[in-house]
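*Asks:* Quick one: the structure is below, questions incoming.
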Amino acid sequence: MTTQSDERAKYLNLILESKATKKLIVAGPGTGKTYTFKKFFNHLGPGNYLVLSFIRKLVDDLAKDIGDTAEVKTFHAFCKRILHEVQGKVDIYHRLTQIIQKDSELLGYTYSDFESKFRNLEEKAPEIEFYISRGDYYEHLCFDDSVYRLYRLLKDDESILDNYDHIIVDEYQDFNKLEVEFLKVLEEKGPILIVGDDDQAIYEGRSSSPDFLREKYNSGDYEIFELPYCSRCPSVIVEAVNEFIIKIINGGGLCERLEKQYFPFTEGNEELNNYHPKINIVTVPVIATIAKYIDVEISKIPNPDIIESNDKNNKYPTVLIIGQKHYLSELQKILKKKYPNIIYESKSSDDTNKVLDAIKILLKDDFSNLGWRIITEELQSALVLKSAVLASQKGLAIFEVIPDDFLEGISEILEIIKDVKKTEREFTEIEKSTILSGLKEYSEEVINYFSPSEEEEEIVEDPSIPTILLRTFEGSKGLSGGHVFIVGANNNSMPKINSDDTISDIECSKFIVALTRTRKQCHIISNHWLNSPFGKGKTKLPKFERSYFVGLIPSNLLNNLGFMMAKDIK
């Protein structure tokens, strides 16, 4: 009798035994990509291998599992490494595009959408030439700029890159045109294995498209494989995803989707599937009630589930809460009162102190045009900034044209910080006063950052305490959680509905990704209002509609708890 284990092994062996130099795996969520990569390299034996992915969490996990076998990098980290080898020091500044956009305005240009010009490889666009020129002046790159610069170098000289015994490229559905063209060069450097899943194409802001994966699939250049067995999720999740996709396709969505098999791997999971046979759905009044529901459900999590999630060899959050940012921030405020270890990284890199960025840059290079450019914008008048940028177009350094007293003041602060770092001492009160005078409202964060940190006692983690992580739909990619709570399951939140009453494929994929993060139990929570049924003037607000997506999951797969007030949740 053929078992699921036998069938799964057949799919793996087809990949391992293939002699094709170009292979493509279509792999759904939880189907064992990392395991496949490990087996693949073990089968090949020692060699020079490269693995690229866009998702840092996946890269970290892969590096932990196969880092001694292959070079594992994010796409941008790989480009930075090669540029560093070819051109020497390479510095990335995550806000460089904002700086150059402002420069464009100050210099009287109407340039915009720099990132999309790079990502869509619009090489004749004047924005690209302008950006490259400004990047050279500031001696810094952005992420897209680094890929483009290396791509151009490789077009002229492919020998810059080593030859590899095999290359693996993961998450190909998230590639944009620039990266696709870059990969065409990479394909010439060794046999290649591409992995992707157009059902998980969820990123809107980086000009990526699952069509590039579909083109590779249909090109005839690649031998096609699949990994159809999901060993992460309970059966109900896999069944719900399959039914959801069928109904979306019948409704006119996901019309270009690649057909693929997706089965629950049930061997050895009988207890899990019996214990979590259905997805819980519930509707509550407001976000505060969502928090109470989650709190009560956390208290019901069996201790073995908690201990399993905290296993150092296969650690994942006991609880993963997925939703829009405004839901997550409110839930974090409420739940952290009881669960201080709850993690929600709500701030983006754009929320950090720009003056602190400038100080860090100037500590490495006293004459850095970028460092002086940033600090001038934050601490000087608009007129001074414009004069400095205009002068930069003539080849003058920023520090040469800003006011002398400002230059001297910042330089004094830099010397103070250098001495504090060198001697590992505290700032004196006089030094703090000097920094406050020069950096104004930015001073406290700068002082705190460069003050010697006290040695913290090593925290001994208690494996019996549940870990709780909050993530957006996009941020949940690459993660999994024992007990998953999808919050804000209302129309125009999940999914967003277009003005013509249509729903984008990306919204469908976000829901698929959220569902398939589940290892144990999934809860889908809708709410009638955000924080109150009443608006200004005590006017009654209309109720939110439960997500259209929930209705696409067959009722036999759902445990419908109906509408629950806070007093009903026990």
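*Asks:* Just need the relative contact order of segment 135-271 here, percent rounded to a whole number, with Cα pairs under 8 Å and 6+ apart.
*Replies:* Details: 127 pairs, mean separation 27.9, N = 137.
It comes to 20 percent, rounded to a whole number.
*Asks:* Next question. Given contacts defined as C-alpha pairs under 8 Å and at least six residues apart, what's the relative contact order of segment 1-112, whole-number percent? Display every interim value, and only then the final one.
*Replies:* Values: 56 pairs, mean separation 18.3, N = 112.
In percent, rounded to a whole number, it is 16.
*Asks:* Next question, about the same structure. Going by accessible area, probe 1.4 Å, with all protein chains left in place, what is the ranking of 494, 1, 564, largest first?
*Replies:* 1, 564, 494
*Asks:* What accessible area, in Å² to the nearest ten, does a 1.4 Å probe give for residue 412?
*Replies:* 100
*Asks:* Quick one: accessible surface of residue 271, probe radius 1.4 Å, all protein chains present, in square angstrom to the nearest 10.
*Replies:* So the heavy atoms of residue 271 present about 150 Å² to solvent.
*Asks:* Enter the angle in degrees (range 0 to 90, nearest 10) between the Cα long axis of helix 505-515 and the first principal axis of the Cα atoms of the chain, meaning the one along which they spread out most.
*Replies:* The answer is roughly 70 degrees.
*Asks:* For a Förster distance of 60 Å, can you work out the FRET efficiency between the beta-carbons of residue 299 and residue 394, rounded to the nearest 0.05?
*Replies:* Numbers: r = 67 Å, r/R0 = 1.11.
My answer for the efficiency is 0.35.
*Asks:* For a paramagnetic label modelled at 7 Å from the Cα of residue 122 toward its Cβ, which residues of segment 188-210 fall within the zone defined by backbone nitrogen distances under 13 Å?
*Replies:* Inside the label zone: 207.
*Asks:* Collect residues whose amide H, placed 1.01 Å from N in the peptide plane, falls under 5 Å from the amide H of residue 229; neighbours closer than 5 in sequence don't count.
*Replies:* Distant-sequence amide H within range of residue 229: 263.
*Asks:* Same structure, new question: To the nearest 10 degrees, how steep is helix 56-66 against the longest Cα principal axis of the chain, on a 0 to 90 scale?
*Replies:* 70
*Asks:* Moving on. Once you place label points 7 Å from the Cα toward the Cβ at residue 91 and residue 419, how far apart are they in nm?
*Replies:* 2.4
*Asks:* Ranked by accessible surface with a 1.4 Å probe, highest first, in what order do 21, 289, 34 come? Could you put the intermediate results ahead of the total?
*Replies:* Working: 21 85, 289 10, 34 40 Å².
The ranking, largest first, comes out as 21, 34, 289.
*Asks:* Counting other C-beta atoms within 10 Å, and keeping those with at most 11, which DSSP coil trypsin sites (Lys or Arg not before Pro) do you find in segment 115-167?
*Replies:* The qualifying sites are 124.
*Asks:* For the chain, what % of the accessible area comes from carbon and sulfur atoms, probe 1.4 Å? Numbers along the way, then the final one.
*Replies:* Working: 13210 of 27250 Å².
Here carbon and sulfur together make up 48 percent of the probe-accessible area.
*Asks:* Okay, next question. Ordering 501, 157, 60 from largest to smallest accessible area (1.4 angstrom probe), what's the sequence? Provide the component values of the computation, followed by the final result.
*Replies:* On the way: 501 130, 157 65, 60 85 Å².
Ranked list, largest accessible area first: 501, 60, 157.
*Asks:* Using only alpha carbon pairs under 8 Å that are at least six residues apart, calculate the relative contact order of the chain and give it in whole percent.
*Replies:* On the way: 870 pairs, mean separation 109.6, N = 570.
Relative contact order here is 19 percent.
*Asks:* Hey, another quick one. At 0.36 nm per residue, minus the direct Cα-Cα distance, what do residue 559 and residue 504 gain on full extension? Give it in nm, one decimal, please. It would help to have the intermediate numbers written out before the result.
*Replies:* Details: separation 55, 0.36 × 55 = 19.80 nm, distance 2.74 nm.
Length difference between fully extended and current span is 17.1 nm.
*Asks:* Separate question: Note the angle between two axes, namely the Cα long axis of helix 404-423 and the longest principal axis of the Cα atoms of the chain, as a number of degrees from 0 to 90, rounded to the nearest 10.
*Replies:* Taking Cα atoms only, the helix is inclined about 60 degrees.
*Asks:* For segment 1-117, just say rounded, prolate or oblate: build the C-alpha gyration tensor, square-root its eigenvalues into a ≥ b ≥ c, call rounded for a/c under 1.5, and beyond that prolate if a/b exceeds b/c, oblate if not.
*Replies:* Values: a/c = 3.31, a/b = 2.30, b/c = 1.44.
It is prolate, given that a/c is not under 1.5 and a/b is the larger ratio.
*Asks:* If I model a spin label as a point 7 Å beyond the Cα along the Cα-Cβ vector, how far apart are those points for residue 215 and residue 133 in nm?
*Replies:* Those two pseudo-labels are separated by 3.1 nm.
*Asks:* Taking the Cα centre of the chain as the origin, how large is its charge dipole in debye, to the nearest 20, when only Lys and Arg (+1) and Asp and Glu (-1) carry charge on their Cβ atoms?
*Replies:* Approximately 2060 debye in magnitude.
*Asks:* Using the Karplus curve 6.51 cos²θ - 1.76 cosθ + 1.60 with θ = phi - 60°, work out ³J(HN,Hα) for each residue of segment 175-190 in order, rounded to whole Hz, and write x for Gly and Pro.
*Replies:* Going residue by residue, I get 7, 9, 4, 4, 5, 5, 5, 4, 5, 4, 6, 5, 4, 7, 9, x Hz, with x marking Gly and Pro.
*Asks:* FRET efficiency for residue 407 and residue 325, Cβ-Cβ distance as r, R0 = 41 Å, nearest 0.05? Walk me through the numbers on the way to the answer.
*Replies:* Numbers: r = 40 Å, r/R0 = 0.97.
Once the sixth-power term is evaluated, E becomes 0.55.
*Asks:* Still on this structure: List the aspartates and glutamates whose Cα sits under 17 Å from the Cα of residue 260, skipping any in the same chain fewer than 8 residues away.
*Replies:* Residue 260 reaches 7, 171, 197, 198, 199, 211, 215, 223, 226, 239, 243, 505.
*Asks:* Specify whether the C-alpha gyration tensor of segment 166-207 places it in the rounded, prolate or oblate class, a ≥ b ≥ c being the square roots of the eigenvalues: rounded for a/c under 1.5, otherwise prolate if a/b is larger than b/c and oblate if not. Write out the running numbers ahead of the final one.
*Replies:* Numbers: a/c = 4.01, a/b = 1.58, b/c = 2.53.
Oblate shape, in that a/c is at least 1.5 and b/c is the bigger or equal ratio.
*Asks:* Per 0.36 nm of contour for each residue apart, how much would the distance between residue 65 and residue 10 grow if the chain were fully extended, relative to their Cα-Cα spacing?
*Replies:* Working: separation 55, 0.36 × 55 = 19.80 nm, distance 2.28 nm.
Going from the current span to full extension adds 17.5 nm.
*Asks:* Where only protein heavy atoms count, and the probe is 1.4 Å, what is the accessible area per residue for the chain in Å²? Don't skip to the end; give the middle numbers.
*Replies:* Details: 27250 Å² over 570 residues.
Result: 48 Å² of accessible area for each residue.
*Asks:* Across segment 259-264, in residue order, what do the Karplus-derived ³J(HN,Hα) couplings come to in whole Hz, using 6.51 cos²θ - 1.76 cosθ + 1.60 with θ = phi - 60° and x for Gly and Pro?
*Replies:* 5, 8, 8, 8, 10, x
The values are calculated or read from the model by the stated rules, or taken from the named source; none is laboratory data. These figures come from a predicted structure and were not determined experimentally. FYI the Cβ positions are ideal-geometry reconstructions off the backbone, even for glycines, and counts take in every protein chain you see. Note: accessible area is taken over every heavy atom of the protein model, side chains too, but ligands, DNA and RNA are not part of it. Shrake-Rupley method; radii C 1.70, N 1.55, O 1.52, S 1.80 Å.
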